[in-house]
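First comes the structure, then the notes that go with it.
The values are calculated or read from the model by the stated rules, or taken from the named source; none is laboratory data. Owing to the predicted nature of the structure, the values given are computational and were not obtained by experimental measurement. Quick reminder, even Gly has a Cβ in these numbers, built from the backbone with ideal geometry, and neighbours come from all protein chains shown. The area values use the complete protein model at the heavy-atom level, side chains included, leaving out ligands, DNA and RNA. Shrake-Rupley method; radii C 1.70, N 1.55, O 1.52, S 1.80 Å.
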Amino acid sequence: MGIDEVGIWQNHVLSAAEVTQLYNSGVPTNLAADEGGYASSADLTHWWRMGDEDTYPTITDNAGSINGTMTNMTSGDIVEDVPDGSD
């Protein structure tokens, strides 16, 4: 198991409805777009998808400019499958 879809919001606390919308039964959602109970995309400052649509060895910051670098990994370690919520 690993960490997926990490977001940081500036000076903002997400409401319970926003957290529920973003969790989306374990299926990643677009943090950059307000949808359903989520209305905080304007406060999103950093968003790393942790492999989804990244190019090894860079972990792209999809909302800001602080890219990460994969360490102790190979390109084959990237998993792009999305959980279906039944796990």
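Values computed for the structure shown
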item	result
10 Å Cβ shell holding at most 12 others, DSSP loop, GluC sites (Glu not before Pro): longest site-free stretch of the chain	1-52
Anisotropy class of the chain from Cα gyration tensor, a/c 1.5 cut	oblate
Label-to-label distance, nm, for residues given as N67 and E35 (7 Å Cα→Cβ offset)	2.5
Net charge dipole size for the chain [Lys, Arg +1 and Asp, Glu -1 on Cβ; Debye, nearest 20]	280
Accessible area (Å², per residue) of the chain, counting only protein heavy atoms and a probe of 1.4 Å	66
222 nm mean residue ellipticity, helices alone, for the chain (DSSP H n ≥ 4; -39,500 (n - 2.57); rounded to 500)	-2500 deg cm²/dmol
